[in-house]
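Worksheet: one structure, shown below.
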Amino acid sequence: MSSSALGNEPEHTTQPSNHPAPSDPRMALAARIALLVLLTAELMDILDQSVVLTALPSIQESTGAGPAALQWLTTGYSLPIAIGLITGGRLGDLYGRRRLLLIGTVVFTTASLLCGLATGPGVLIGSRALQGAGVALMIPQVLATLHVTFEGRNRSKAFGLYGAVLSIANVLGPVLGGLVTEADLLGLSWRPIFLINVPVGLAVILLGRGFIPESTEKKADRPDLTGMALSALAIMMIIFPLGEGHLLHWPLWIFALLAAGLLTLIAFLRHQRRKQNNAPLLPLSLFQGRRFSGGAAAQLMHGLLCGLFFMTWTLYLQRGLGMSPLDAARAFVLLSIGELAGAAIAAKSAGRFARRLPQAGALIAIAAMAGYGLQIAAGQANLTLLGMTAPVVLIGFGLGMVSGPLADMTLAKVPHDNAGAASGLFNTAFHLGVALGTTLTALVFFATTGGSPDAGPNRDAFTTVLWWVAGLLSLMWALMFCLPKRIDNQAD
């Protein structure tokens, strides 16, 4: 695959011996198709993270799911991803990134079919967890393949497109969920939001086999099984009590489990330190520079605020303002307009403004969140889509300027043989943040509403959420000072 497929300037990339030269028009077409397949895989992941949001009330009504089950429809998807992304990324380094992407897509597509056929909350949550396991294998290969394939300005363009896809998926999911649920296609209600993944997944599998070149940077050493077990156990023991503590009124064993999770995390890091010269799961050299460490921490804040904001916003729109799923989807369209505009600016800039661009986006989103919160707090129980247009579009615009540049600058100096591990860790930061943000809804949103569907408590709770999100955006803005002031060929 050639990076020159995205632009006019030729750039050097290592080519497999059985592939045409970069100047071959067939190579350029294959590169574009491969990029399309990679971005479609990423689209499916983020889409399914958010597609359930506008469908939650309908899912609750048809399956009898309670507040805890609603929370686990999102957490149950994010948690396996957070647990498995580092492992999935490292396995791609060892055994082939295309191979792992295709295996993950098969698992994800099968699980999507099971979600669409589920009749109760238990089966649906279990199928969502299986979807997450597939994503954990599939998604690290996307960023890793982009990282080892594209260079220079073409690399920034590719990551700009990646950011645009993230922005599109974040808002397309709720829109699609609302439209499909409202349309009640063939009397299936919310089920087609999952069934649509089946043909898309099959297309990714077929085209991926034909157009994505295999890439590995290390020989297939024995994977770090102890590291995999310790990392999975640590994340599980940290996320689960955070999600269940409020529902169980914080018994003592919840705090004990949290403490055990932190101790397991320490044990994992010590194990990784001993394994650094013997194919570790997590190369600690990634954290030697502040670029990767700060970028991954900023990505964690990004996921946290997305997990907290998007789930509570759809509940506010439908319960606080009494909107239908279709009207709530229109509100997400407003957000998407802003996100697409912000992502377009990020893609067009192609890295020229370095950290100033995503930091400016964060500041715009902070100001818009504050304005939206003041608007809701003013007691506008009948707030219309037209009335909220300005702050919602600006929130989307600011967030759209963040994703692509943040990924590009965080991974730019990562050695190719650690590309999968770094990509897995970077994606883990986002999905772990989403899981934490979703569990935080129990403390910030549901604790205020008390599970009530009444409009007043839902409006009050969402106002509180907005101030929390603005605070998380401020932390993300500060962490981006770890990113470079300019884009050049010099090390940090």
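The values are calculated or read from the model by the stated rules, or taken from the named source; none is laboratory data. The structure displayed is predicted, hence computed values, not measured ones. Glycine also receives a Cβ, built like all others from the backbone with ideal geometry; neighbour counts cover every protein chain displayed. What goes into the accessible areas is simple: the full protein's heavy atoms, side chains included, and nothing from ligands, DNA or RNA. Shrake-Rupley method; radii C 1.70, N 1.55, O 1.52, S 1.80 Å.
Overview of values
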| quantity | calculated |
| --- | --- |
| Criterion: over 26 Å from Gly342 (Cα atoms), touching a residue at least 12 places away in the same chain (Cβ under 8 Å), under 18 Å from the mean Cα position of the chain (by Cα) and open to solvent by 10 Å² or more (accessible area, probe 1.4 Å) - qualifying residue of Leu137, Leu166, Leu113 | Leu137 |
| Criterion violated by Pro121 - all others in (1) farther than 24 Å from Phe426 by Cβ; (2) open to solvent by less than 30 Å² (accessible area, probe 1.4 Å); (3) not small (Gly, Ala, Ser) satisfied | (2) |
| Every residue from the range 351-366 that is open to solvent by less than 10 Å² (accessible area, probe 1.4 Å) and either touching a residue at least 60 places away in the same chain (Cβ under 8 Å) or farther than 17 Å from Ile395 by Cα (or both) | Ala354, Pro358, Ala362, Ala365 |
| Hey, Gly338 under 27 Å from Gly178 (Cα atoms) and crowded, with 17+ Cβ neighbours inside 10 Å or not | yes |
| Matching residues in the range 417-457 - criterion: being hydrophobic (A, V, I, L, M, F, W, C), at pLDDT below 75 and open to solvent by less than 30 Å² (accessible area, probe 1.4 Å) | Ala419, Ala435, Ala442 |
| Meets criteria (surrounded by fewer than 19 Cβ atoms within 10 Å (Cβ to Cβ) and among the hydroxyl-bearing types (Ser, Thr, Tyr)) for Thr226 | yes |
| All positions within the range 127-163 that are at pLDDT below 75, not acidic (Asp, Glu) and not in a helix (DSSP H, G or I) | Phe150 |
| Selection count where residues are assigned to a helix (DSSP H, G or I) and open to solvent by 70 Å² or more (accessible area, probe 1.4 Å), scope the range 241-264 | 5 |
| Candidate set: the range 367-404, residues that are polar (S, T, N, Q) and in contact (Cβ under 8 Å) with a residue 60 or more places away in the chain; chosen: the one surrounded by the fewest Cβ atoms within 10 Å (Cβ to Cβ) | Asn382 |
